[in-house]
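Visitor: Got a structure for you, questions after.
The values are calculated or read from the model by the stated rules, or taken from the named source; none is laboratory data. None of the values given here were measured: they were computed from a predicted structure. Note: ideal-geometry Cβ built from the backbone for every residue, glycine included; neighbour counts use all protein chains shown. When the accessible area is computed, the model is the full protein with side chains, heavy atoms only, and any ligands, DNA or RNA have been set aside. Shrake-Rupley method; radii C 1.70, N 1.55, O 1.52, S 1.80 Å.
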Amino acid sequence: MEQQIKNKFSNIFGAEPVMYCAPGRVNLIGEHTDYNEGFVLPAAVDKQIVFAVKPNSVGRFRFFAYDLNEQFETEEDKIQKSDTAWANYLLGVVAQFAKAGKRVPAFDCVFGGNVPLGAGMSSSAAIEVGMAFAINDLFGLGCSRLDMTKFAQMAEHEYAGVNCGIMDQFASMHGKAGHVVRLDCRSLDFQYFPLDTTNHLLVLVNTGVKHELASSEYNKRRAECEAGVRILQKYYSGVRSLRDATMEMLNAHCQEFGDVVYRRCSYIVEENARLIAGCKALADNDFAAFGQFMYGSHEGLSHKFEVSCKELDQLVAIARTVPGVLGSRMMGGGFGGCTISLVEKSKVADFERAIKAGYKTPDGHEPVVLNFIVLWISYLHYILLSLVN
Ligand code: GLA
């Protein structure tokens, strides 16, 4: 893939590019908690977006989306949201550097990769993060990883219209081989946890239903959580976000919340608790306990937060019937995309069989099952790629 993208660059722009890449991510537990200043537990994986980039002297940004075979260009000093959806991810990042007072000179870029689109594996975050990393490195702009993570997140807010949290961009920027990372989305402190894959694997199953985060439900959930916080703040001065809420607080004011906001808020409080307990289980190598937290997470996402869909629920229901599947849940923003399951290695083939026998995608195909997910070989890969080329 790297070679193809590099060749494409040379064909279009007649020059040798510098190569970069950024990974997609999985999330073991802690969904929709990031924008509530809670915890998440993602890991970068070996699916990636690759970039071929080089400064040009024509005063224009010229982008080519390899997978779509589409080109986009705009004048260097006219960065604004465009009608081309994919270009907005790149333009949004350029705009963030500019906002931070870092001038980004004109460049050419070809990008493409194998992070499945709309599958909840953060292909858009990988595009934003890879673009930020490439610009920073190519022009020596001196931004930190955290700065670039935030630029990538703000690109999503301002140019893609999704008020996402920081998890996806953070995970793509901070992946470490063989580890998941627990991120405190308030302080942005993080801790790596080794994931022992000797006897257990993470298996993704793609429903084949594309999620449409920007299509309002995501932003609506965020607004519902904020409405809950506003109610709590009338009674508890120390509450800044749902991170500070407890079930006692919610129960004391459940009338005022109303059914929907109460369920949204209680899911967040419980999910943060599941994540903290889940990390302890992981540290103790207690995969059975961790798996139960994953099932609990799915229940909450489905019934309280209501971001699942019938296909995701169906896949989790099948997972529950297969011995050796310790846990399973929808992953990412929801409304489609993948489930993530924790499976005993010796039972992965049984699981795959059961899934293929019991589930068909909406267009009648067998679902794509991604197992043996290799955790990302750390961010060194970015640098290796640029050195090799
Ligand atoms: C999307 C967002 C993330 C996060 C997840 C849900 O992936 O981009 O910030 O909120 O949904 O956990």
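Visitor: Might you check whether a residue that is under 17 Å from ILE79 (Cβ atoms) and in a helix (DSSP H, G or I) occurs anywhere in the range 165-173?
Guide: There is no residue in the range 165-173 that is under 17 Å from ILE79 (Cβ atoms) and in a helix (DSSP H, G or I).
Visitor: How about the range 143-169: which of its residues are more than 16 Å from the ligand (Cβ to nearest atom) and in contact with a His (Cβ under 7 Å, 6 or more places away or on another chain)?
Guide: Once the filter is applied, which keeps residues that are more than 16 Å from the ligand (Cβ to nearest atom) and in contact with a His (Cβ under 7 Å, 6 or more places away or on another chain), the range 143-169 yields only ARG145.
Visitor: On to the next question. Any chance the range 178-185 includes a residue that's β-branched (Val, Ile, Thr) and open to solvent by less than 10 Å² (accessible area, probe 1.4 Å)?
Guide: Checking the range 178-185: at least one residue is β-branched (Val, Ile, Thr) and open to solvent by less than 10 Å² (accessible area, probe 1.4 Å).
Visitor: Among the residues of the range 189-231, what is the count of those that are part of a strand (DSSP E or B) and open to solvent by 50 Å² or more (accessible area, probe 1.4 Å)?
Guide: Selection size over the range 189-231: 4.
Visitor: If ALA227 satisfies every condition in (1) more than 16 Å from the ligand (Cβ to nearest atom); (2) touching a Leu at 6+ places or on another chain (Cβ under 9 Å); (3) of a type in the set (A, V, I, L, M) but one, which is the exception?
Guide: Every condition holds for ALA227 apart from (2).
Visitor: Here is a follow-up. Applying the selection to the range 88-99, what residues are out of contact with any Lys or Arg (no Cβ under 9 Å at 6 or more places or on another chain) and of a type in the set (A, V, I, L, M, F, W, C)?
Guide: Residues satisfying the conditions are LEU90, VAL93, VAL94, ALA98.
Visitor: Residues being without any contact (Cβ under 8 Å) to a residue 24 or more places away in the chain and either closer than 14 Å to GLY278 by Cα or out of contact with any helix residue (DSSP H, G or I) (no Cβ under 8 Å at 6 or more places or on another chain) (or both): count how many of those fall in the range 172-194.
Guide: Count: 5.
Visitor: Would you confirm whether any residue within the range 170-182 is within 18 Å of ASP284 (Cβ to Cβ) and either within 12 Å of the ligand (Cβ to nearest atom) or modelled with pLDDT of 95 or more (or both)?
Guide: yes
Results for (1) farther than 18 Å from ASP46 by Cβ; (2) open to solvent by 60 Å² or more (accessible area, probe 1.4 Å); (3) hydrophobic (A, V, I, L, M, F, W, C), shown as yes or no for each residue.
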| position | (1), (2), (3) |
| --- | --- |
| THR84 | yes, no, no |
| GLY92 | yes, no, no |
| ALA98 | yes, yes, yes |
| PRO105 | yes, no, no |
| GLY112 | no, no, no |
| SER123 | no, no, no |
| ALA126 | no, no, yes |
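Visitor: Pairs under 8 Å by beta carbon, first residue assigned to a helix (DSSP H, G or I) and within 13 Å of the ligand (Cβ to nearest atom) in the range 118-142, partner open to solvent by less than 20 Å² (accessible area, probe 1.4 Å) and aromatic (Phe, Trp, Tyr), six or more apart or different chains?
Guide: Cβ pairs passing all conditions: ILE127/PHE111.
Visitor: Are there any pairs with C-beta distances below 9 angstrom linking a residue in the range 245-263 that is within 13 Å of VAL229 (Cβ to Cβ) to a residue that is of a type in the set (Ser, Thr, Tyr) and loosely packed, with under 13 Cβ neighbours inside 10 Å, with the two at least 6 apart or on different chains, and if so which?
Guide: Qualifying pairs under 9 Å: MET249/TYR235; HIS253/TYR235.
Visitor: Let me ask something else about it. Restricting attention to the range 25-53, and to residues there that are of a type outside the set (A, V, I, L, M, F, W, C) and more than 11 Å from the ligand (Cβ to nearest atom), which single residue is nearest to LEU138 (Cα to Cα)?
Guide: GLN48
Visitor: State all residues of the range 329-344 that are β-branched (Val, Ile, Thr) and within 10 Å of the ligand (Cβ to nearest atom); if no residue qualifies, say none.
Guide: Passing the criteria: none in range.
Visitor: Of all residues in the range 304-343 being acidic (Asp, Glu) and touching a helix residue (DSSP H, G or I) at 6+ places or on another chain (Cβ under 8 Å), which is most open to solvent (accessible area, probe 1.4 Å)?
Guide: GLU306
Visitor: Oh, and also: Yes or no: SER302 assigned to a helix (DSSP H, G or I) and more than 30 Å from ASN199 (Cβ to Cβ)?
Guide: no
Visitor: Now for a separate question. Exactly one of these conditions fails for THR361: (1) in a helix (DSSP H, G or I); (2) of a type in the set (Val, Ile, Thr); (3) surrounded by fewer than 18 Cβ atoms within 10 Å (Cβ to Cβ). Give me its number.
Guide: Going through the list (1) in a helix (DSSP H, G or I); (2) of a type in the set (Val, Ile, Thr); (3) surrounded by fewer than 18 Cβ atoms within 10 Å (Cβ to Cβ), THR361 breaks only (1).
Visitor: Of all residues being in a loop (DSSP other than H, G, I, E, B), open to solvent by 10 Å² or more (accessible area, probe 1.4 Å) and in contact with a strand residue (DSSP E or B) (Cβ under 7 Å, 6 or more places away or on another chain) in the range 1-35, which is nearest to LYS54 (Cα to Cα)? Just the residue, please.
Guide: So, considering only residues that are in a loop (DSSP other than H, G, I, E, B), open to solvent by 10 Å² or more (accessible area, probe 1.4 Å) and in contact with a strand residue (DSSP E or B) (Cβ under 7 Å, 6 or more places away or on another chain), the one nearest to LYS54 (Cα to Cα) is ALA15.
Visitor: Test each condition in (1) farther than 30 Å from GLU352 by Cα; (2) more than 14 Å from the ligand (Cβ to nearest atom); (3) of a type in the set (S, T, N, Q) for ASN219 and report the one that comes out false.
Guide: Just one mismatch for ASN219, condition (2).
Visitor: Closer than 21 Å to ILE5 by Cβ, in contact with a Pro (Cβ under 9 Å, 6 or more places away or on another chain) and not β-branched (Val, Ile, Thr): is that true of PRO55 in this structure?
Guide: Taking the combined requirement at face value, the residue satisfies it.
Visitor: OK, next. Would you tally the residues in the range 278-295 being closer than 14 Å to ARG320 by Cα and either assigned to a loop (DSSP other than H, G, I, E, B) or open to solvent by 20 Å² or more (accessible area, probe 1.4 Å) (or both)?
Guide: Adding up the residues that qualify gives 3.
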